[in-house]
1. Looking at 610, 584, 664, 600, which is the one that is over 18 Å from residue 373 (Cβ atoms), assigned by TED's automatic domain parsing to the domain that holds residue 537 and touching a residue at least 60 places away in the same chain (Cβ under 8 Å)?
2. If we scan region 118-130, do we find a residue that is of a type in the set (D, E, K, R), in contact with a Leu (Cβ under 9 Å, 6 or more places away or on another chain) and modelled with pLDDT of 95 or more?
3. Condition first: within 21 Å of the chain's Cα centre (by Cα) and either over 19 Å from residue 29 (Cβ atoms) or among the polar types (S, T, N, Q) (or both). Now tell me which residues in region 250-279 satisfy that.
4. Assess whether residue 685 counts as being in a loop (DSSP other than H, G, I, E, B) and surrounded by fewer than 21 Cβ atoms within 10 Å (Cβ to Cβ).
5. Residue by residue through region 18-52, note down the ones that are within 21 Å of residue 120 (Cα to Cα) and part of a strand (DSSP E or B).
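The values are calculated or read from the model by the stated rules, or taken from the named source; none is laboratory data. Fair warning: this is a prediction, and the values are worked out from it, not measured in the lab. Every residue, glycine as well, gets a Cβ built from its backbone with ideal geometry; the counts of neighbours run over all protein chains shown.
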Amino acid sequence: MVTPYATIGQPVGRAEGPEKVTGSAVYPADMHLPGTLVGKCLRSPYAFARILSVDASAARRVPGVHAVLTGADLPDMLVGRFLRDMPILARDVVRFVGQKVAAVAADDVDAAEEALQRIEVEYAELTPVLDPVDAMRPDAPVLHPQFMSYIGRVDTPQEHHNITAHATWQRGDLAAGFAAADHIFEHTFRTPHQHQAYIEPHASVVALDTQGRVQVWINSKQPFQVRQQVAEGIDQPEAMVCVYPTVIGGDFGGKGSFMDTHVAYWLARTTGRPIRMAMTYVEELMAGNPRHPAVMTFKTGVKNDGTITARQARLIFDSGAYAAFKPARGVSYGSHCAGPYKMSAMQIDSYMVYTNHVPCGSMRAPGDPQSVFASEAQLDLVARALGMDPYDFRLHNIIRDGDVSPLGHHWHNVMGTRTLEAAAQASGYHQPKRNVPGKKVGRGVAIYERHIGAGTSVSKVAVAPDGTVTLNTALRDTGSGFYTVLRQIVGQELGVPYNTIRMDTWSTNDTVFDTGAGGSRVTHIGGQATYGAVQAVCRQLRDLAAARYGWSAADIVFHEQQVLVPGQLPVRLADLVAQAGVPVEAEFTFTADRDEDLTVFCAQIAEVEVEDETGEVSLTTFTTAHDIGTILNPISHQGQIEGAVMQGIGYAMMEELQYDEGRVSTLSFGEYKIPTMPDIPELRTVLIASESGGPTPYGGKAIGEQPVSAVAPAIVNAVLDATGLSIAHLPVTSEKVYRAMQEQADAA
């Protein structure tokens, strides 16, 4: 039955919007517990150095300062999400500019900053390693001599003293695949650091109760993992740590870590007072956990007709100084980089390598924007060398139903061809290019496929005797709006307005476990948990109504906050529950492993203008086509697409943490450029519905990470089409294009 409250598929606004725009939403930096002190950290000015001495005596005498801690004041513990390799405060050595060396707790920021200035640290500077390729040389300095003793490392011998992990994906006979090729191409590509650029920096508040239990308020999307990481880092049982819900001001992958929480704990324990720590954006840019840079070499074998016979990729990811912020024990980055193309053999080797750069972590579709850029950019070079149109080259090789993916998966209902064709149609790819005086016009295409996320989530739905509907979840909304989508699911099934449903977010004490947000999992896993809980509530309500009124439970529907049976007087939902005398409630846990037979496609086409005199690149139109199921909320769905495309444009054309002898020099958004509205081209979105739908409630598919990874190669390929120049190192700046054009002219 379609009702005014049937919100699934409707473009409804954010249920949590009023809370945010009125300022009543509580972020960690808003937490003001009685007696709260400000925590601040002194950070290393060197990329690599031995610590000879630390003198904090003058800092401790600053009025308003309650504690000053150095590494020598703390237990010799290492912390990390999976690989525990980072000290809470540096003890004997610093490995990147921005590493925490000392910490202060004070009445206010001014006192804390003054104390930091009075801490005297003597260093012996060492020669840093600033390139991951150099870090793999046999004579490279050993950055972590004790690596084999670290908890959480991959249980294999270390191949090189600076390699944290190495993963290989392979299928078929690689040598035979290359032997069958008429041509073999090899190219190397590089990508830079990219910061997540969320509005709200990392922040946390830590307090100890009278029993010594640790209370944490943190803007992390994965509270149960934070509880584990904090407990491990302070050598306490997980039951001694509780992570409470707060609002998150943006994530994009970067807020799954503990960041400064362990420091806050030790300051709280030392002072007996709650500690609030909030990073500035200078600290974020020098010591956050940005997207990994990478150096990637692709080797591709093809026949004369363009058939791909084999692909080999060597991916070297710059871990930075530590691997503590990685979302996995080993290397999970790069498995998609062979692309959605048929081939008899492939091999991907992915390395994570220590350097003296800022430690890196997750960012939207981790590992894929780097490796898909290199993969798709090389395909254009291969196509043009063969004299083929890049679109035709992809269409010739793309996987169709019945084919085997490069990793050996048998995808069902493969939407790659339809998505690519729809992108070409909407973009006018096959139409003649415009003639723009003084500029060259080019078009570029790229394709990406990504799985749908997996994990565990728990939801509880309750209807009170007064008719109030409450949804409980341990998930943290990272700003993407899934609290609205979850309420839409409950409203759809109970026939109540979605924006009247109360949302109560559990702490880690309130339920057993939740995987948390990230990895294109929330609408699938959290949605199914919520759907299961509300369905159980509906069954109870039908049974109540059937028993009381003699109705058939199968005939009962919920509509406009009423319980209905055809031909009978309606009963208010609140009245039915009031007659029961107790809330009607149900809790449901949903767990799913990744379905390797299901993937989602995205095809994107960029059109650029390149100025002849300066090399300036202007992105004029961008077409993004998506393989979709049921869209639960069109506004949120389109918002995910537009936000991801903007991040991809930034990655392609402007974003880069720049270094000066190991020091990040882009320490503000005046220097670290991200796209603003004038940078956004005409955006054309094409949605191609598949017959089989997806695994979320009502048949939806993932969208959060799908639009980001093909953006950069589409733009780079458009520049190649316009100029004949391959830009192998992101971002594509006018300076790089101008230099390449000058070299091209000189060579001619």
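1. Details: 610 fails: assigned by TED's automatic domain parsing to the domain that holds residue 537; 664 fails: assigned by TED's automatic domain parsing to the domain that holds residue 537; 600 fails: assigned by TED's automatic domain parsing to the domain that holds residue 537.
Within the list 610, 584, 664, 600, the selection yields 584.
2. Our first condition is that a residue be of a type in the set (D, E, K, R); within region 118-130, this holds for 118, 120, 122, 125.
Going one step further and asking which of them are in contact with a Leu (Cβ under 9 Å, 6 or more places away or on another chain), we end up with 122.
This time we only want the ones that are modelled with pLDDT of 95 or more, so: 122.
The answer is yes; a qualifying residue exists.
3. Within region 250-279, 253, 257, 261 qualify.
4. Numbers: in a loop (DSSP other than H, G, I, E, B): no; surrounded by fewer than 21 Cβ atoms within 10 Å (Cβ to Cβ): yes.
Taking the combined requirement at face value, the residue does not satisfy it.
5. Keep residues of region 18-52 that are within 21 Å of residue 120 (Cα to Cα), which gives 38-52.
If the condition is that a residue be within 21 Å of residue 120 (Cα to Cα) and part of a strand (DSSP E or B), then 38, 39, 40, 41, 42, 43, 49, 50, 51, 52 are the ones that fit.
Yes or no, residue by residue, for (1) among the small types (Gly, Ala, Ser); (2) modelled with pLDDT of 95 or more; (3) farther than 17 Å from residue 636 by Cα:
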| residue | (1), (2), (3) |
| --- | --- |
| 1 | no, no, yes |
| 8 | no, no, no |
| 12 | no, no, no |
| 19 | no, no, yes |
| 27 | no, yes, yes |
| 38 | no, yes, yes |
| 43 | no, yes, yes |
| 52 | no, yes, yes |
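Residue by residue, here is whether (1) modelled with pLDDT of 95 or more; (2) more than 30 Å from residue 668 (Cα to Cα); (3) under 25 Å from the mean Cα position of the chain (by Cα) holds:
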position: 139; (1), (2), (3): yes, yes, no
position: 195; (1), (2), (3): yes, no, yes
position: 220; (1), (2), (3): yes, no, yes
position: 228; (1), (2), (3): yes, yes, yes
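To keep it simple, each residue is scored yes or no on (1) among the charged types (D, E, K, R); (2) more than 28 Å from residue 65 (Cβ to Cβ); (3) touching a Ser or Thr at 6+ places or on another chain (Cβ under 8 Å).
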site: 216; (1), (2), (3): no, no, yes
site: 234; (1), (2), (3): no, no, no
site: 256; (1), (2), (3): no, yes, yes
site: 266; (1), (2), (3): no, no, no
